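Encoded as structure tokens, the structure appears first; notes follow it.
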Amino acid sequence: MDPTTTPATAVSDAAVAVTAPGLPAELVQQVHDVTISGLFLQADPIVKAVMILLVLASVATWAIALEKSLRLRRLRREVAGLEAGVAARKGAAVAADLVGLPKLAVEAGLTEWRELAAEDVEERRGRAEQAMRLTVTENLRELEKGLPFLATVGSAGPFIGLFGTVWGILNSFTAIANSQDTSLAVVAPGIAEALFATAIGLVAAIPAVMWYNAFSTQLGRVGARLSTAIARLASQIGRTKGHAAELRRAAE
């Protein structure tokens, strides 16, 4: 260093060296803007589109997660009511205490039982149980809506983000080649913008995978509980002759 150079002059020279290739001050300030908003605003239009798509997918994921969580919590309470009634051996009278899906299923079974009055007890019991199972299957299929979207976001989200990253890095290297400036201060922000797309992809994909697995497991367990309760209820209502009048009253 020149002995005549003061520390202030050295700092000034270093600043000029960073901005040396004749870049305007506004451009230098943008290059160094590595905040989240800055990374988005400075990104290539295609990378911006990828980011927006992933953010929307993430918002939709959490909306589906909230809706499914509330519905499954309510359904578990309803199934617990059916299980309690079956455990108390209430038979067809349990329908009066049920709500939601269990009530729809039991009412479908009672309707089938009433319409097959001319058949033997075993045939009526089997048809009533089948009607209850079909009602449960149809309604659980309705609850599964949204799960394919979670699976799609979970599997495709990282790759969509990676596409934005690759595109952004290509643009960064093209800009480097055109400007012939390989200084880290110029290269790093462009690469950071590109990598930001992958980060958003992971933020969208990881919760989607977790929610998909959780909801799939919970739906399977609830379906198994309903199936067991229905089988026991069908056995109860077809076991004794005393249930015939009770079934008629419950079906009315």
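Pairs meeting the criteria (first residue in region 35-55 and over 14 Å from Phe163 (Cβ atoms), second residue open to solvent by 20 Å² or more (accessible area, probe 1.4 Å) and at pLDDT 85 or above, beta carbons under 7 Å, at least 6 apart or on different chains) are Val55/Ile200. For region 74-122, taking the residues that are in contact (Cβ under 8 Å) with a residue 40 or more places away in the chain and on the phi > 0 side of the Ramachandran plot, the one that is least open to solvent (accessible area, probe 1.4 Å) is identified as Gly91. Residues that are of a type outside the set (A, V, I, L, M) and at pLDDT below 85 were ranked within region 79-106; the one that is farthest from Ala229 (Cα to Cα) is Asp97. If you check Arg133 against the conditions, is it touching a helix residue (DSSP H, G or I) at 6+ places or on another chain (Cβ under 9 Å) and outside any helix (DSSP H, G or I)? Taking the combined requirement at face value, the residue does not satisfy it. When the residues of region 123-168 are filtered to those that are over 22 Å from the mean Cα position of the chain (by Cα) and of a type in the set (Ser, Thr, Tyr), the one that is most open to solvent (accessible area, probe 1.4 Å) is Thr135.
Being surrounded by fewer than 17 Cβ atoms within 10 Å (Cβ to Cβ), charged (D, E, K, R) and at pLDDT 85 or above is the requirement here; does Arg221 meet it?
Details: surrounded by fewer than 17 Cβ atoms within 10 Å (Cβ to Cβ): yes; charged (D, E, K, R): yes; at pLDDT 85 or above: yes.
Yes, satisfied.
Need pairs with beta-carbon distance below 8 Å; first residue in contact (Cβ under 8 Å) with a residue 12 or more places away in the chain and over 14 Å from Ala214 (Cα atoms) and within region 135-157, second outside any loop (DSSP other than H, G, I, E, B) and open to solvent by 70 Å² or more (accessible area, probe 1.4 Å); sequence gap 6+ or separate chains. Hits for this filter: Thr135/Leu104; Asn139/Leu104; Gly157/Leu202. Just so you know, in region 162-186 the residues that are at pLDDT 75 or above and hydroxyl-bearing (Ser, Thr, Tyr) include one that is nearest to Ala197 (Cα to Cα), and it is Thr165.
The values are calculated or read from the model by the stated rules, or taken from the named source; none is laboratory data. Here the structure is a predicted model, which means the values were calculated and not measured. Glycine gets a Cβ as well: all are built from the backbone with ideal geometry, and neighbour counts include every protein chain shown. Note: areas computed on protein heavy atoms with side chains; ligands, DNA, RNA excluded. Shrake-Rupley method; radii C 1.70, N 1.55, O 1.52, S 1.80 Å.
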